[in-house]
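Report on one structure; see the data block that follows.
None of the figures in this text is laboratory data; all of them are computed from the coordinates on show. Computed from a prediction, not measured in an experiment: that's the story for all the values here. Here the Cβ is made from the backbone with ideal geometry for all residues, glycine too, and neighbour counts use every protein chain on show.
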Amino acid sequence: MNEIEFTKMHGIGNDYIYFTSMPCPPDKLPQFSRLLSDRHCGIGGDGIILVLPSDIADFRMRIFNADGSEARMCGNGSRCVGKLVYDCQLTHKKELTLETLSGIKHLTLHPGRDGKIEAVTVNMGQVRTSAPVELETSAGSVKVYPVDMGNPHGVVFIDCDPDCFDVHRIGSELENNPYWPDRANIEFARILEPGHIKMRVWERGSGETMACGTGACAVAAAAWYSGRSAEASRVSLPGGDLDIKILPDATVLMTGGATTVFHGKIELKI
């Protein structure tokens, strides 16, 4: 049995288990994530995130979903990484670079009165939006805006309250639509008023989550692209709000909170 230290964190409800060193042999990481993410028999979370050394940035982030698949990027996770490395004194910088499978991301850390990080702004890079496509579901044809935030998204604008929408059924069907060879994250959004969007998200590999940072960016970008919203939006998710700003060159800035839940150790044999 190996005793492994971890930190449980969440970004507006999008919760992961964080490690600052390799917790198991690399080939065991998918199994490791499945075991620890289980909310009944494990620690519980949307997956695990590793914070590792980098040759090209201040830190490197690897993300494994609850089903063991590896994700390219996680907006909420990147904010938590910024808080973790600063609060645990792994760095004293308030401007950080973070290596991900979607490239290097730039983080600006915002300390609170207690000196701990309470919010982080992430430069998510340039968004790529596409004209909507019609995809078939069991509820009929759905207009979906494909958005590339370094990971694939499909944004669906709906007229009803997202709380009343069948996110689990339609989200799962669209996630696995052949349009996306590697599956996609699916967002269901409603424009509440100019500059304010409400959404729910079905994440590939995890199902519905309380929040998705790249998903909120994708929704804001699709709303901007389709003329539904201006360049700045507050996006409300079940776990809380994120402020998204799209710059003239299509670079996306995301600002939101990051929360440490607890530190712990676990004994696990793999």
Cα gyration tensor, the stretch 1-132 - rounded (a/c under 1.5), prolate or oblate = oblate
message = Using the crude model of +1 on Lys and Arg Cβ and -1 on Asp and Glu Cβ, and no other charge, please compute the dipole size for the stretch 132-265 relative to its Cα centre, in debye to 20.
response = 260 debye
message = Here is the link list: Lys8/Lys116; Lys105/Lys143; Lys8/Lys245. Which ones come out longer than 19 Å on Cα distance?
response = Lys105/Lys143; Lys8/Lys245
message = Considering all projection directions equally, how large on average is the shadow of the alpha-carbon convex hull of the stretch 128-249, in square nanometres?
response = 6.7 nm²
task = Return the whole-Å distance between the Cα centroid of the stretch 135-210 and the Cα centroid of the stretch 86-106.
result = 29 Å
Ranked list, fewest to most other Cβ atoms within 10 Å of each Cβ, for Glu95, Glu70 = Glu95, Glu70
For the stretch 70-164, size of Cβ-based charge dipole, Lys and Arg +1, Asp and Glu -1, in debye = 540 debye
query = So what are the radius of gyration and Dmax for the Cα set of the chain, in Å?
reply = 17.9, 56
message = Suppose a student asked you for the relative contact order of the chain, using Cα pairs under 8 Å spaced at least 6 residues apart; what percent would you report?
response = 22 percent
request  = Could you size up the charge dipole of the chain around its Cα centre, putting +1 on the beta carbon of Lys and Arg and -1 on that of Asp and Glu, and report it in debye to the nearest 20?
outcome  = 440 debye
request  = Under 1.5 on a/c is rounded, so check that first for the stretch 69-201, then, if it is not, pick prolate when a/b is larger than b/c and oblate when it is not; a ≥ b ≥ c are the square roots of the alpha carbon gyration tensor eigenvalues.
outcome  = prolate
ask   = Helix 75-87: angle to the longest alpha-carbon principal axis of the chain, degrees 0 to 90, nearest 10?
value = 30 degrees
query = Expressed as an acute angle from 0 to 90° and rounded to the nearest 10, what is the orientation of the C-alpha long axis of helix 213-225 relative to the principal long axis of the chain?
reply = 30 degrees
query = Along the charge dipole of the chain, Cβ charges K/R +1 and D/E -1, which of His10, Met210, Val142 sits furthest on the positive end?
reply = His10
key: For the chain, built as a Gaussian network whose Cα springs stay under 10 Å, the top-fluctuating residue of Asn76, Asn151, Asn176   = Asn176
remark   = Rounded to the nearest 500, the 222 nm mean residue ellipticity computed for the chain from DSSP H runs (n ≥ 4, each -39500 (n - 2.57)) alone is -5000 deg cm²/dmol
query = Given a Förster distance of 35 angstrom, what is the FRET efficiency for Leu90 paired with Ala250, based on the Cβ-Cβ distance and rounded to 0.05?
reply = 0.65
query = Between the stretch 237-262 and the stretch 47-74, what's the alpha-carbon centroid distance in Å?
reply = 18 Å
